[in-house]
1. Quick one: count up the residues across segment 221-253 that are assigned to a loop (DSSP other than H, G, I, E, B) and basic (Lys, Arg).
2. Pairs please, first residue from segment 31-53 and closer than 17 Å to GLY18 by Cα, second anywhere and assigned to a loop (DSSP other than H, G, I, E, B) and not acidic (Asp, Glu), Cβ atoms under 6 Å, 6+ apart in sequence or on different chains.
3. Output the number of the condition that ARG251 fails; it satisfies all remaining conditions of (1) at pLDDT 95 or above; (2) within 18 Å of LEU160 (Cα to Cα); (3) not small (Gly, Ala, Ser).
4. Scan the helices (runs of 4 or more DSSP H) fully inside segment 147-220 and keep the ones with 3 or more residues being touching a strand residue (DSSP E or B) at 6+ places or on another chain (Cβ under 9 Å).
5. Cβ-Cβ under 6 Å, sequence separation 6+ or interchain: first residue in segment 177-191 and assigned by TED's automatic domain parsing to the domain that holds ARG250 and in contact (Cβ under 8 Å) with a residue 60 or more places away in the chain, partner among the aliphatic types (A, V, I, L, M) and in a helix (DSSP H, G or I). Which pairs?
Amino acid sequence: MPELPDVEGFREVLSSCGGGRRVTNVEVRDPGVLRGVTVRRLRNEVVGERFGEPRRHGKWLIAPMDDGPVLVWHFGMTGALVCACADEPPDPHDRVVLTLDDERQLRYRDQRKLQGVQLAGNEAAVGHILADLGPDALAVSGEDFRRLLDGRRGAVKNVLMDQSALAGLGNLLSDEILWRAGVAPDRAARELSAAEVRELHTAMRRVLASSVRAARVPPRRSWLTGRRDDPDPRCPRCEGRLRSRRFSGRRTLWCPRCQSRPPGADRDVHPGKGG
């Protein structure tokens, strides 16, 4: 599933491929990905418009255009935004194709079609679309992070993945951050100590910084992410056997040894240090 780093990568694609370019054609190959907008309205309002500078909030990509309309993209479980030459054969899962004035194309590609493309008439309408989201995980301050954990019931893993609490984190990032911070995923969020919350926020910032540079959650062997699909997954820090269970329908992986330690306990290895 695309998480914050993936969508930040899509923002870079949109900025480098579409920034300042005019849309000359809109081809909707599958109207099933349009949300709240018809094919006709999308074409009428987007063709002839020029892309401004895109931005991201959580897992949402916001693409303003020069005369007011704003494209709002969500990538669901399998979506991506691809820059391609117009003469490249389409992928079977290319759902919406925007041709630009330099003959390149922006292709919204999605296999499962769980989310899609919306069109907002102005910035106020964008605010309405994003109204239920919490602060962006890449920008939230330590103090705000502490307050949002204090105010939420339930396991910390579920709070991290709750987009209304904190926008941008998904399953992989949440597991990685909790493992780095030494916090078990089933700990009650509002019962974490101040030291644990600080360590969790620091781990989140470091994991996101590395992941954004890679435009994905990197499957490094020094990361929990790099061990998830092993037949017998072992902790990159202590080599103990990892445990797995489902939280809110998603597979959660953690180390019962490293993620049971008290706050500030020494660790033998610092995975991913410096990157």
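1. Residues that pass the stated criteria total 3.
2. As it stands, the answer is GLU45/PRO69; PHE51/GLY19; PHE51/ARG21, since those pairs meet every condition given.
3. (1)
4. Working: elements: 156-161, 171-181, 194-214.
Output list reads 156-161, 171-181.
5. Within 6 Å, the pairs are TRP179/LEU224; ARG180/ALA203; VAL183/LEU200; PRO185/LEU178.
This table checks each residue for (1) under 30 Å from MET204 (Cα atoms); (2) of a type in the set (A, V, I, L, M); (3) out of contact with any His (no Cβ under 6 Å at 6 or more places or on another chain).
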{"position": "ARG22", "(1), (2), (3)": "no, no, yes"}
{"position": "ARG29", "(1), (2), (3)": "no, no, yes"}
{"position": "GLY32", "(1), (2), (3)": "no, no, yes"}
{"position": "GLU49", "(1), (2), (3)": "no, no, yes"}
{"position": "PRO54", "(1), (2), (3)": "yes, no, yes"}
{"position": "HIS57", "(1), (2), (3)": "yes, no, yes"}
{"position": "ALA63", "(1), (2), (3)": "yes, yes, yes"}
{"position": "HIS74", "(1), (2), (3)": "yes, no, yes"}
{"position": "ALA86", "(1), (2), (3)": "no, yes, yes"}
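The values are calculated or read from the model by the stated rules, or taken from the named source; none is laboratory data. Just so it is clear, the model here is predicted, and its values are computed rather than measured. All Cβ positions, glycine included, derive from the backbone under ideal geometry; neighbour counts span all protein chains shown.
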